[in-house]
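To start, the structure under review is shown below, and the notes come after it.
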Amino acid sequence: RLKINTAGGQVCNVYGMIVANSTSGKDIGGLIGKFARMHNPHIQCADGDNVIADWNLGNATSAEGFAKLLVKKSNGLLEIGEMTNWLDPKSWQGKATVFLTESFGQGYFEHNFSDRGCGASSRSADYCYPNIIANIQPENFENNVRMQYVNTGFLGRFLFGRMPEFYGNPARFDSMVIMEQIRIIADVFLRKKGVVELEEDYSDELQKLFIGNCESKLNPSWRRLCNEYYPRFMVMLSVTHNLKTQGESVIITDEVKEKAKKLTMWFFSQAEKLLTG
């Protein structure tokens, strides 16, 4: 229900990857998976039987399986516990990445898949902007990620976050209290609708900070951050504790732009740290 009016238009879906050691607490007590199973009011009227009205797209399936789910849950969340198999073009997860690459910003799809024993099976959606949260261990990242994956395909759509070394003891907490807080926050964002107008040169000033100041192989990374994630960060950061920011309209102020700029630069520093080698 919300369009950011840049070239071709975009929305606020995110592909994010956390690079962290095992048992470092990256899933924060399973909160992301629990959120994915919370009620998603935007699919109440979805056509089809036995569709659970939540955000969950599962964690591993084929391209056809994703297409079937995205017809019903076009703004759902895919949770990938370990990314390594998705980076192998020979695995069935790897073959699904082409479909997810298209789904990041295209906004619609119409595909004919092979339906075993039944000929072709057509899947289509007029609105499709899935989200991904993926985890990968640092050594697997180093051994499996290639720059061509970032420059030309699936990984080029991701925000990277490298967790510092951390081994903490688990603490008791009331997950229901936290999930209710998350629900309240999510409901505020779900109120937003309409068109967010940005100036035609919205990212020019930010791009000047990068041009000629980083390795050329990282150009695709900062270009995508400036052109696609920077305006999304503006929309996300426009919502604050101030009640006037929590209505249907998105209010972009100079302060919001500055915060979005800092967040964009921080994510570039993460990508640079991980991809320079």
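Miscellaneous remarks
- One quarter of the surface of the convex hull around the alpha-carbon atoms of region 54-185 equals 10.7 nm², the direction-averaged projected area.
- The chain: antiparallel DSSP beta bridges as a percent of all, rounded to 5: 35 percent
- Sequence-distant residues sharing a close amide H with Leu159 (under 5 Å, placed H): Tyr15, Gly16, Met17
- In the distance distribution for region 180-277, Cα-Cα pairs more than 16 Å apart total 59 percent.
- Label-point gap, in nm, between Ile182 and Asp126 - each point 7 angstrom along Cα→Cβ: 3.2 nm
- Value of D in µm² per second that Stokes-Einstein yields for the chain, Kirkwood Rh from Cα pairs, at 20 °C (1.002 mPa s): 107 µm²/s
- In order along region 241-249, phi translates into HN-Hα couplings of 6, 5, 4, 5, 8, 9, x, 6, 7 Hz, rounded to whole numbers, per the Karplus curve 6.51 cos²θ - 1.76 cosθ + 1.60 with θ = phi - 60° and x for Gly and Pro.
- In the complete set of protein chains, residue-level accessible area for Trp266 is approximately 120 Å², probe 1.4 angstrom.
- Normalising by residue count, region 49-97 has a Cα convex hull of 70 Å³ per residue.
- A simple rule links phi to the HN-Hα coupling: the Karplus curve 6.51 cos²θ - 1.76 cosθ + 1.60 with θ = phi - 60°, which for region 264-274 gives 4, 5, 5, 5, 5, 4, 5, 4, 4, 4, 7 Hz, with x for Gly and Pro.
- Here the relative contact order of the chain, from alpha carbon pairs under 8 Å that lie six or more residues apart, stands at 24 percent.
- Separation of the alpha carbons by more than 29 angstrom is noted, of Lys26/Lys259; Lys34/Lys261; Lys192/Lys259; Lys90/Lys193; Lys73/Lys262, for Lys34/Lys261; Lys90/Lys193; Lys73/Lys262.
- R0 of 22 Å, Cβ-Cβ distance Trp266-Lys244: FRET efficiency to nearest 0.05: 0.25
The values are calculated or read from the model by the stated rules, or taken from the named source; none is laboratory data. Bear in mind the structure is a predicted one, so any value in this text is a computation, not a measurement. Please note: Cβ atoms are built from the backbone with ideal geometry, for glycine as well, and neighbour counts cover all protein chains shown. These area figures cover heavy atoms from the full protein model, side chains too; ligands, DNA and RNA do not enter into them. Shrake-Rupley method; radii C 1.70, N 1.55, O 1.52, S 1.80 Å.
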